[in-house]
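Data block below; observations after.
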Amino acid sequence: MRGVAGTVSAVAADWSGARTGEQRALWLAEWDPDRTAVVAVSGRTRVQAGDRILDLAADAPELVAGLDFSFSLPAWWLARNGIATAAELWADSTRLERWLAECRPPFWGRPGRSRPRPPAGDEWRLTERAAPLRPASTFQIGGAGAVGTASLRGMATLDRLRRAGMCVWPFERWATPAVVEVWPRLGMGRTVKSSPAARAAAVEAMGERLAPDVAAAARGSVDAFDAVVALLDLVRRTDQARPATTDPVVALEGWIDGVALDGGALSPWRR
């Protein structure tokens, strides 16, 4: 992707589902194609992150934004709740907050809400089953490794970005400015991010691709590190037009950018 001098052509966010004070854990990293470097990483609220992405998209129509949370839920759960499209899911924040508050099966992870035992595979979307490593289930909304709360509270931002004219892939045919789902673990290799020494070594290996203040933030914060790693992984694909999916399940559940998607042909992972 070629950007206008001084513009940001890609951003990635390590998201947070905290009810308040989420800017302590939600970090947004920005890529300058002219400097070929991550030039900024900063803590933001969910609203501020959405504001910044829309401002960047106005300046650089080829912007690709990667957000680190699940963009949808398994298709069987959407069907059970009469939800026909992902956009319908994102638009109903009242329902999403109710699911979080009640934490009824298939959701789990809050005190007293142990993991249910559905039929094998029902916790995960097709993309999670196709990933080289198995992500946590979006139904987990509490406890170590939980991604569900950040995902359900991130969907309002997807609704906002879509309504503002950004393409949310793969739910829409690819066009920029675009929003894609990212997972920092795909670009992290064997780095143990909880180790300050391991983060420092990884940051050192990134070299001049990080501005000095970005490198300092990534060394000092797991969340900033995640945002930077997700962005560098995303930048490798920013010139690529993503394929349209012909799979109706993917059209409902979404897909993690960077996980192989062969034109929607997903028969090995079909339920």
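3J(HN,Hα) along the stretch 202-211: 5, 5, 4, 5, 6, x, 6, 6, 10, 4 Hz, from the Karplus curve 6.51 cos²θ - 1.76 cosθ + 1.60 with θ = phi - 60°, whole Hz, x for Gly and Pro.
By DSSP, the beta bridges lying fully in the chain are antiparallel in about 45 percent of cases. Using only alpha carbon pairs under 8 Å that are at least six residues apart, calculate the relative contact order of the stretch 38-124 and give it in whole percent. The normalised contact order for the stretch 38-124 reaches 18 percent.
Distance between the pseudo-spin-label points of Ala205 and Arg35 (7 Å out from Cα toward the beta carbon): 2.4 nm. Provide, in order from the shortest bin, the percent of all Cα-Cα pairs of the stretch 1-128 in each 10 Å bin, continuing until the bin that contains the maximum pair distance. Reading upward from the zero bin: 11, 31, 31, 19, 7, 0.
Taken over the stretch 154-243, the percentage of Cα pairs per 10 Å bin, counting from 0 up to the bin with the maximum distance, is 16, 39, 28, 17, 0. Can you give the local net charge around Arg110? Use residues other than it whose beta-carbon is closer than 13 angstrom to its beta-carbon, Lys and Arg +1, Asp and Glu -1. That works out to +2.
Helix 93-102 and the long axis of the chain differ in direction by around 70°, with both axes built from C-alpha atoms. Entry note, the stretch 141-223: relative contact order of 14 percent, from Cα contacts under 8 Å with a spacing of 6+ residues.
For the chain, the longest principal axis of the Cα atoms and the long axis of helix 148-163 meet at an angle of about 70 degrees. With no solvent and one equal point scatterer placed on each C-alpha of the chain, evaluate the Debye formula and give log10 I(q)/I(0) for q = 0.13 Å⁻¹, two decimals. Evaluating at q = 0.13 Å⁻¹ gives log10 I(q)/I(0) of -0.83. A simple count of charges around Cys167, restricted to other residues whose Cβ falls under 10 Å of its Cβ and scoring Lys, Arg +1 and Asp, Glu -1, yields +2. Measuring nothing but how far apart in sequence close Cα pairs (under 8 Å, 6+ apart) lie, relative to its length, the chain scores a relative contact order of 27 percent.
Only the coordinates and a few stated rules stand behind these numbers; no lab work does. Just so we're clear, the structure is a prediction, and the values are computed from it rather than from any experiment. Quick reminder, even Gly has a Cβ in these numbers, built from the backbone with ideal geometry, and neighbours come from all protein chains shown.
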